[in-house]
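Visitor: Structure incoming, see below.
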Amino acid sequence: MNTLPLLIRQYLSRLWLDAGKFAYLSFNKQGFIQSWHPNIEYYGVIDLKLNDHINEKLIFLEGWFSSDQDHDIFVLDFVNFEHGIIADIHILPSTNETYVLFVDVSEKFRQHQCLQQERHNFDLLNQQQVKNIAIFKQNFLELDAKKQQIETINASKNKLLSCVTDDLRTPLSAILGFTQFLGSGVFGDLNPKQQDCVDNMLKAGSYMTGLINEILEVARLEKGDLELCIESSSVKSLIDGCLQTLAPLIKAHDIKLINRIDSDINIEVDRKYFQYIITNLIDNAVKYNKKQGCIILSHRVDDEKLYLYIKDTGIGISLDRIDQIFQPFVRNFDARKKQPEKGIGLSGCKRLLGLMSGSLNVRSALSVGSVFYLDIPLSTPCEGRDKYHISYDFVYFYDDDIHFTVLKNLLVMYENYQLEGYHYSEDIHSLNLQESSKIILLDVDKNDVLFKLKLLKLLERTDKSPTVVAVMDEKTDAANIRYILEETLMDDYLTRPFDFNQLLDIFEQ
């Protein structure tokens, strides 16, 4: 800059201080470049050399610059450089036969700095990505090694289980055989204490035999040795067969079982293992039920699958144990026995259903009960069923306004649920129930069953037969729930406070 005339240097310094960063290019009257500021390269003016002609570097000056003319100072606004770059430039007149093209590069300098920062950030990000990829590869290799290790351990475990259980069968069979001889009196009569010991030995031996069989089933499942025979079967006949087998157990525990599965629907299953699953689920619903409780079997069908629901008034499952019950050799905690039972039960059921393209899940509330629900493919898809656009119209007869308000608020965000509510104090005779009502909810308890029976008779006058659901407080004991279902012939029951999952179980069936 010191090579420029004094007046030009003063002018440039004043602009520099007032406005920011600039660049300049000086040339003589003949148009040959004499000096320049390196920032001029921001505008694509590069590879400058002394005595280069200005018109060869800056095309926009063609037609303006002529070596035989003098010009006053002026500013060209928004001059286009190469590559679409725009800037304001100052043309200073000849002083000592020198012209100066002065360019504001403040914005371009800022853009350059931002670009440099972005490049730096990109480099940092790229370095971090490289590190992440290296870590991912290392984790993948470690997981793959652990997977192979687990597979090796599982193979050894299954082999050990098979060998051990096979070795246990022979001595256990001998023990049971000799114990049965003793109990039958072949070797002489036993006194009461001896007979009691023999009976306990037989019970323990039978339990061990069942456990060994279950262990073998687990080993076969994990090894993939099970050969399923998938065929079309009637779900009603399969479940009826299970109920015949379980009838003595259900009677012994004084449980009321309500079977709503009356449709002759065909499903694609292995008959033997499907009945094993249903038997296991109902067996659990009986064992973990409350005294004089009840079990409800129901179903629904969509385009491709059958959904079965097994609902009980049992002890329920705490939230922290929901996931554990599907693990091998762990079952629900039975408060009456003070310890968890062992066995493959639900784990085996879930695995078997998976092999049959089905699934098994549960919803439960402690001290209220559980609903186990499973799905299985239909033999023939049902055309025209749309489970996502079904409209549920139902009526709620309530004895407290707050019950209706809670239910209404619970359903307010769901457009396909249409709710009507009537207080019991209203004249039931004057009600004109819509024939489209599919579900009727009734607040009910043991003390007003007779009144509700009269109401049910009125409801039966409608042309369509709706589903009727009793609504009770969650503290209602199992015996009362059973009594209400038996006396009123209601289809199902709900407990308050309302839970939307409970409602879905009812509405979708």
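Visitor: Step through the table entries LYS251/LYS272; LYS305/LYS408; LYS287/LYS311; LYS193/LYS251; LYS236/LYS287, compare each Cα-Cα distance with 20 Å, and write down the pairs that go over it.
Guide: LYS251/LYS272; LYS305/LYS408; LYS193/LYS251; LYS236/LYS287
Visitor: Going by amide H atoms built from the backbone, whose H comes under 5 Å of the H on LYS305, apart from near neighbours?
Guide: Under 5 Å from the amide H of LYS305: LEU378.
Visitor: Oh, and also: Quick one: which of 269-279, 28-38 comes out on top by average Cβ neighbours within 10 Å, and what's the full order, highest first?
Guide: Order by mean packing, descending: 269-279, 28-38.
Laboratory data are not the source of any read-out in this text; all were calculated from the coordinates shown. None of the values given here were measured: they were computed from a predicted structure. No Cβ is skipped: glycine too gets one built from the backbone with ideal geometry, and neighbour counts run over all protein chains shown.
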